[in-house]
1. Apply the Karplus curve 6.51 cos²θ - 1.76 cosθ + 1.60, θ = phi - 60°, to the phi angles in the range 299-315 and return the couplings in whole Hz, x for Gly and Pro.
2. Short version: ³J(HN,Hα) in whole Hz for each residue of the range 339-353, in order, from phi by Karplus 6.51 cos²θ - 1.76 cosθ + 1.60 (θ = phi - 60°), x for Gly and Pro, what are they?
3. So, by mean Cβ neighbours within 10 angstrom, what's the order for 44-57, 361-374 with the highest one leading?
4. I'd like the antiparallel share, as a percent to the nearest 5, of DSSP beta bridges with both residues in the range 211-331.
5. Quote to one decimal, in nm, the extra length available between Arg370 and Ser205 on full extension: 0.36 nm per residue of separation minus the C-alpha distance between them.
6. Report, by chain and number, residues whose modeled amide H sits under 5 Å from the one on His138, excluding near sequence neighbours (fewer than 5 apart, same chain).
7. Count the net charge of all other residues whose Cβ sits under 12 Å from the Cβ of Asn355, scoring Lys and Arg as +1 and Asp and Glu as -1.
8. If the limit is 30 Å between Cα atoms, which of Lys214/Lys263; Lys214/Lys352; Lys242/Lys279 go over it?
Amino acid sequence: MDKLQRLKQGSSSVEEYRQSMELLMMRAGIREEERTTISRFQSGLNLEIRDKVKLLPYRDLNELVQLCSRVERQLKRKSFRKDSTSSYPKNFKKQGHSSHPYPKEEKEKEKEKPFFKAPSKESKSSEIKCFKCLGRGHIASQCPTKKTMVLKAQDHYSSLNEATSSSSSSEDEAIDSEEEILPCEGDLLLVRRLLNNQSSEIDQSQRENLFQTKCKVLENTCSLIVDSGSTSSCCSTRLVDKLALTTNPHPKPYKMQWINEEKGIVVDQQTSIPISIGKYQEEILCDIVPLEVSHVLFGRPWQFDKKTIHDGLTNKISFQYLGKKIVWCPLSPFQVNEDQMKLKAKKDEEEKSKNKNKKKRKELSLWRKRRARFKRTITLVSSSFFWCQRKMAMEDEHLL
């Protein structure tokens, strides 16, 4: 760690300095953000390189290393020009002979010096091997096959590398394999409590709507809401009673309190609901509560387990299922309102049938009471008549 903090470029090249920094970071087991690594890399650069690089734009560490390498090569070229110009004597004249002429051998050596330096660099560069394209003469950050320039209209250009092209291809594959699932069709199984203040004009945007859709539970169409504000996944008691689902005791019973209730509701039962929407089929463990707003409600546990992504604009929910991206589409406000109107008609019919059945049961109970009373009366009358007849017979026998 101390070596990493005291690391400076010094006489080493930019690429050598970067490799040594990465090696020390790997040995120390340091994992940090890229901006922190960039600032660490800049602090150890030579001052002349650092000052010039700060004025140039870059997006990541690789581009910064490339810029530093370019600046380093420019500085080397400038220093080489200065050395070549300073090698000539001050009293050199174009015409005539100088008082202290150079021998021909020394002049030839002076001329051959820059030409001998270049091959030495080429021999060193030929020893460098790129670990990406396995070519020689360049490093990975300067690989010519890494970047391609794509020119566009209106003098705009963009830089595409292999990573972005592979990521874009994977995104295209994900888009191709993406499947949008619409809500299930059919009338809802149960009636739910409706709001009385329904507006005549319905806003078709999803700005003020929770995610609502329809699902299939044992071939019955039920309503489903996904709400991140709920800390548990719940289902309605009516759904459990209607479909006769098996219930299990809750391992950790708790109290749930609604806004309009002073006392909390004890949640001590659970059930597994087989839900299917399109190709998505799964059994979800839900707590049983007297839920009126929907038949099934998926809360944070389901969203956490499925790693769902919610689009706030379209109100769509996407997640991965069996290696494929599934997108759930919500019901439109018009569809929600239409379902509520149908549910209201169902509710009225159920209430009428309930009242009718109550009336019939009441009439039946009254008839049974009257019948029992009549039977008791007949029994009393018959018994009294029998005793009267017997008494009369006894009196007749006595007279005789």
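1. Rounded to whole hertz, the list is x, 4, x, 5, 5, 5, 5, 8, 6, 6, 10, 9, 8, x, 7, 8, 6.
2. For the range 339-353, the Karplus-derived couplings read 5, 5, 5, 5, 5, 5, 4, 5, 5, 4, 4, 5, 5, 4, 5 Hz, x marking Gly and Pro.
3. Ranking, from highest mean packing down: 44-57, 361-374.
4. 85 percent
5. Values: separation 165, 0.36 × 165 = 59.40 nm, distance 6.19 nm.
This chain segment gains 53.2 nm when fully extended.
6. Residues meeting the criterion, in which the H sits 1.01 Å from N, are Cys130.
7. Neighbourhood net charge equals +4.
8. On the way: Lys214/Lys263 32 Å; Lys214/Lys352 27 Å; Lys242/Lys279 25 Å.
Beyond 30 Å between Cα atoms: Lys214/Lys263.
Read-outs throughout are calculated quantities, based only on the coordinates presented, and are distinct from any laboratory measurement. Not measured: the values here are computed from a predicted model. Every residue, glycine among them, receives a Cβ derived from its backbone with ideal geometry; neighbour counts consider all protein chains shown.
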